[in-house]
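Reviewing the structure listed below.
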Amino acid sequence: MNSKTFPLIFERSNPGRKSYSIPSIDTEQEVNDIDPIYIRKKPARLPEVSELDLIRHYTALSKRNFGIDSGFYPLGSCTMKYNPKINEDVARLDGFANIHPNQPVKTVQGALEVMFYLQKSLEAITGMHEVSLQPAAGAHGEWTALMMIRAFHEENGDLKRTKVLIPDSAHGTNPASATVAGFESVTVKSNENGLVDLDDLKRVVDDNTAALMLTNPNTLGLFETEIIEIANIVHDVGGKLYYDGANLNAIMGYVRPGDMGFDAVHLNLHKTFTGPHGGGGPGSGPIGVTKELAPFLPKPTIVKRNGAYDFEYNRPRAIGRVKPYYGNFGINLRAYTYIRSMGAEGLKKVSEYAVLNANYLMRRLEEEFELPYPVHCKHEFVLSGRKQKQLGVRTLDMAKRILDYGFHPPTIYFPLNVEEALMIEPTETESKDTLDEFIEVMLEIARDVRENPEIVQDAPHYTVVKRMDETRAARKPVLKYDGFNE
Ligand SMILES: *Cc1c(COP(=O)(O)O)cnc(C)c1O
C-alpha cells in the first residue's frame, strides 16, 4: 500500500460528521465533578469523520505495522515467539477481566489463586525459594532485585559494597539498573570464546562487590560453562549472583538458575512465557530469590492461610512496594495459562526446539556470513557483517533489505563485542519451512551484496515508509495532533 491510498482521517474531516453515539442525558441535572480549570473552553479540534472512515483509518494503520502474527520476527534477545490465542480467551473471562484490585479479597479468590500458583510455577522453573510478581518489566525486575541485594548488604552493616560487575556482552538494561539502584557498574571482559574472562573477573572482584549480573546463556547464545567457578569467585568475596533470565527459552526444564548458584533472577513473562510483546505494551518481570534474600521481597506477597488466599503485608524487612497493586495481572494470567497448557514436558520441548532452530539457522547462514564464535549455540546466535562491510554494504543496509521480503530483521549492532553484529533468535514456534524461507532470503541478500550492492544499499523498496531518521524521531517525536492547518 502506498500513502496515496491511505485514508488519512485528518484529510477526510468533514464538519458535523460523527463516529460515536452517546445516549442523551435523562437525569434532571448534569452531574459534573470535574474542576472547571480542567474543562476545555473550546472543543478540541479533532477530525470529524464517520464510523466507517474511522475503522478504515485504524485498520490501515494496523496493516502498516509488523507483528508476530503477520510474519517471522527473528529479533535476537527479544524472543518474538507466537502468543497462543488461548491466553487471550482466558484473559477475557469475566471473573478475570472485570475485577478491580480494590475488591475485598474474598471476592477475588480465583485471581489470587492464579497469582499464587504462578509464583509456585516460577519457583519450580527457576529453582528459587520465593517469587514476587510485582515488577512490570525485565529492567524493573533487575532494579528491584538489586535494591534487595543492597538492603541485604546494608542490614549486615556491609556498606562498602558499591560495585556491580557486568560482562561486556550484557544487555544494556543491566548497567542502567545497577546505576539507578545506586551502584557503580564495572565491566568484566569476555574472552576469545565469547565467555566471561575468569582472569578479568578475578581482577575486578573484591569485597566492594555487591553483585555480579550474568545472562546464561549470554547474549551471544553461548552457555557459560564455568558458571560454578564464577559463582564461587563472587560468593567467596561475599557478593551476590544475579541472573538475567529475560530469555529462558534455551534452558527451561533442563537447568535452573538456582542450581547454578544464582541468588536472584528476573524472568520476562512477555518473552519466554508468551505475553504479547512489542509496541510498548505492558510487560511482566517477576523476580525470584533465595531464602536468604526472600525477606526483602516487595510487599505484599500472596499467601494461602486456612484454605483461603490473602495478601501478606506483615513483612518488616521488605524493600516496600515497587508497583501499584500486584503487578500486571493480565500478563501474569497469560503466562500462567501458557505454563499450564504446555506442562512440564512441553516447556522442556520448548527449550529443545528453540536450540535446534537456532543451530539449524546458524549452520546454514555460516555459508555466507562470518560466525565469530563457531560453536554450538543455545536459543540465539550472532553473525558478523564484517565481510559484507568490506564490500561497502553495512549490516544496517542488509537489515533494511530483509524488510522487502516481509520478514522482521534480526537485532543489529548488539551485542557490542561483535563488529557489525546480526543477532538472530528464531524461537521454537517457527516451522522448518519458515526457517528455510528466511535462509533463502539471507543467502540471496549476501549474493546481492557481491553482485548487485545498490539494491541492498537503497533498501527498503517496498515498505510504506523508507529509511527514517531514527535519531530525530527519538529526539523530536511528534506525539500530539495539533489540529488542522487553517
Ligand atoms: C529484554 C531483555 C531485558 C530487558 O527486559 P525489558 O522487559 O525490556 O525491560 C534484559 N535482559 C535481556 C537479556 C533481555 O533480552
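The values are calculated or read from the model by the stated rules, or taken from the named source; none is laboratory data. Everything numeric here is computed off the predicted structure, so don't read it as measured data. A quick note on method: Cβ atoms are made from the backbone with ideal geometry, for glycine too, and the neighbour counts reach across all protein chains shown. Quick note on the areas: whole protein, heavy atoms, side chains included, nothing else; ligands and nucleic acids left out. Shrake-Rupley method; radii C 1.70, N 1.55, O 1.52, S 1.80 Å.
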### Query
In nm², what is the average projected area of the convex hull enclosing the Cα atoms of region 73-185?
10.4
### Query
In the chain, which whole DSSP H runs stretch at least 24 Å along their own axis (Cα) and average 0.0 or higher on the Kyte-Doolittle scale?
109-126
### Task
State the three equivalent ellipsoid semi-axes of the chain, derived from the C-alpha gyration tensor as the square roots of 5 times its eigenvalues, in descending order and whole Å.
38, 35, 22
### Query
At q = 0.11, 0.28 Å⁻¹, what base-10 log of I(q)/I(0) does the Debye formula yield for region 264-337 when every alpha carbon is treated as an equal point scatterer in vacuo?
-0.33, -1.28
### Query
Going through region 245-280, which chymotrypsin sites (Phe, Trp or Tyr not before Pro) have at most 13 other Cβ atoms within 10 Å and a DSSP loop state?
Y254
### Message
Given region 192-318, report the % of alpha carbon pairs whose separation exceeds 17 Å.
### Response
66
### Task
Could you sort 88-98, 417-427 so that the peptide with the highest average Cβ count within 10 Å comes first and the rest follow in order?
417-427, 88-98
### Query
What is the packing order of peptides 310-321, 16-27, 161-172, taking the mean over residues of other C-beta atoms within 10 Å and listing the highest first?
161-172, 310-321, 16-27
### Query
In square angstrom, what is the accessible area per residue of region 85-341 with a 1.4 angstrom probe?
39
### Task
Over the residues of region 66-120, compute the C-alpha Rg and express it relative to 2.2 N^0.38 Å.
1.57
### Message
How large is the translational diffusion coefficient of region 85-341 in µm² per second when you combine the Kirkwood radius over alpha carbon pairs with Stokes-Einstein at 25 °C and 0.890 mPa s?
### Response
132
### Query
Quick one: Karplus J couplings for region 91-105, per residue in order, coefficients 6.51, -1.76, 1.60, θ = phi - 60°, nearest Hz, x for Gly and Pro?
5, 8, 4, 3, x, 9, 6, 10, 10, 10, x, 8, 5, x, 4
### Query
If you take the alpha carbon radius of gyration of region 114-164 and divide it by 2.2 N^0.38 Å, what ratio comes out, to two decimals?
1.37
### Summary
For region 85-341, averaging the sequence separation of alpha carbon pairs under 8 Å that lie six or more residues apart and dividing by its residue count, the contact order in percent is 28
### Query
Percent of alpha carbon pairs in region 318-408 separated by more than 23 Å?
53
## Note on the structure
Under the helix-only model (-39500 (n - 2.57) for each DSSP H run of 4 or more, divided by the residues of the chain), the mean residue ellipticity at 222 nm, to 500 deg cm²/dmol, is -11000 deg cm²/dmol
### Task
Kindly state, to the nearest 0.05, the FRET efficiency for A474 paired with I34, given R0 = 41 Å and r defined as their beta-carbon distance.
0.75
### Query
What part of the accessible area of the chain, given as a whole %, is carbon or sulfur when the probe is 1.4 angstrom?
52
### Task
With the Cα gyration tensor of region 1-144 in hand, give its eigenvalues times 5 under a square root as the equivalent ellipsoid semi-axes, listed largest first in whole angstrom.
40, 29, 16
## Note on the structure
Taking region 39-91, the equivalent ellipsoid from its C-alpha gyration tensor has semi-axes in Å, biggest first, of 34, 15, 14
### Message
Please report the antiparallel percentage of the DSSP beta bridges confined to the chain, to the nearest 5.
### Response
55
